[in-house]
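Participant: The structure that follows is given in the form of structure tokens.
The values are calculated or read from the model by the stated rules, or taken from the named source; none is laboratory data. What you see is a predicted model; the values in this text were computed from it and never measured. Neighbour counts run over all protein chains shown; Cβ positions are idealised from the backbone, glycine included. To get the accessible areas, we keep the full protein, side chains included, count just its heavy atoms, and leave off ligands, DNA and RNA. Shrake-Rupley method; radii C 1.70, N 1.55, O 1.52, S 1.80 Å.
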Amino acid sequence: MADERSQHLYERIDEKTARLPWYVREYVDKKMRVMSPRSLLNYCHDYLIFFDWMIAEGFHQGDRTSVPLDCLEKLTPQSIENFLSYLQFRLQNDKFTMNRKLSSLKSLFNYLQNIAETSELKPYLTRNVMAKISFNKIKEDQETVAQKMAGKILWHDEYEAFRQFVASDYRETVKDNRKLLNFHTQNAERDTAIISLILGSGLRLSEVVGLDLHDVDFQKRMVRVVRKGNKEQYVFFSEQAELDLEDYLNVRAKKYRLPASNQALFVAASMGPKGTTRRLSARAIENLVKKYAIAFGKPSLSVHKLRHSFATRYQAENNDIPKLRRQLGHSSIQTTMIYTHLSNDELKRAVDHMDHT
């Protein structure tokens, strides 16, 4: 399940590190044991942007892979501030994204100064400019973050309305487009099962992608997933998700012409000269959610917003943060606490009641 997805990520990491200096490849290799492949892939992407910027600014006359260590030692705090301005004003990165990229660079430079050693037992870098650079200050509290999220998720009757839209009502919006109509006919049960499972469990995108047939336990109504940190966990899903999964599994093998050896739960249509049916990718799931969200009239919806929708509904109906934390797989309860700020109906009623006393 997770092995297939991880292998694909590691292949992408190898492809990106091949375009980076040798000391970055060494750092990434060292981090593979302690970091998730998804995080490492993000780091590699950040490094490509940074070294491309260095070359564009004239810090090195050559290709990206040949940038020497002494180039990094010559960087000044003002140089890094210029890079951060480039991220903000040229690449339109927000403060959260800039902080993430700065964090990846700080980690690399720390390795080069304090961990890596030459054969003479000397550090790769004696001067670390990144140690002099501060993160962007972000003052938003959980209440602010929660209220920004509130307009981008599903509420109350919208849960079932969106599920029903994916299952059948979407056809009305594409009735004059034979290609889209046929595509929905082919994939309606699969897409409905995906949406229903996320709304009925709060699974992450990577967890949905990695599911195999044997990971679903209908008797206990649970799925086995590998969460962040490679932790295995069984996660409950709703009765509606169970029904939609069963509908999908009843047509899965026939519609997608699957051999018994294909154990991926969610699959894509046959592609390529050999007609090989593949596990549905993360990008494909993101795109199908986006397609339905736009047609539904709520374009801000995404896979992650569906996860937020589940969590908000769970907290409103159960008011049990510890159980919600486990269901979502959060390592810190503070992350889960944001959902207490999204369900303020009782507080609103109490304030309204003051006008009548």
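Participant: Which order do the peptides 94-100, 285-291 come out in when sorted by mean C-beta neighbours inside 10 angstrom, highest first?
Facilitator: Top to bottom by mean Cβ count within 10 Å: 285-291, 94-100.
Participant: At a 1.4 Å probe radius, which order do ARG204, ARG227, ARG178 fall into by accessible area, largest first?
Facilitator: Of ARG204, ARG227, ARG178, the descending order of accessible area is ARG178, ARG204, ARG227.
Participant: Through the Karplus equation 6.51 cos²θ - 1.76 cosθ + 1.60, θ set to phi - 60°, convert the phi angles of region 212-221 into ³J(HN,Hα) values in whole Hz; use x for Gly and Pro.
Facilitator: After applying 6.51 cos²θ - 1.76 cosθ + 1.60, I find 10, 4, 6, 7, 9, 10, 6, 5, 8, 6 Hz.
Participant: Taking 23 Å as the cut-off for C-alpha to C-alpha distance, list the pairs among LYS31/LYS101; LYS179/LYS254; LYS31/LYS290; LYS175/LYS305; LYS74/LYS132 that go past it.
Facilitator: Violating the 23 Å limit, Cα to Cα: LYS31/LYS290; LYS175/LYS305.
Participant: Averaged per residue, what accessible surface does region 1-137 expose to a 1.4 Å probe, in Å²?
Facilitator: For region 1-137, the per-residue accessible area is 55 Å².
Participant: Tell me, how many Å apart are the Cα centres for region 82-106 and for region 200-256?
Facilitator: 36 Å
Participant: Counting only residues 5 or more places away or on other chains, whose amide H sits under 5 Å from the amide H of ARG227 once H atoms are built in the peptide plane?
Facilitator: Hits under the 5 Å cutoff: GLU232, GLN233.
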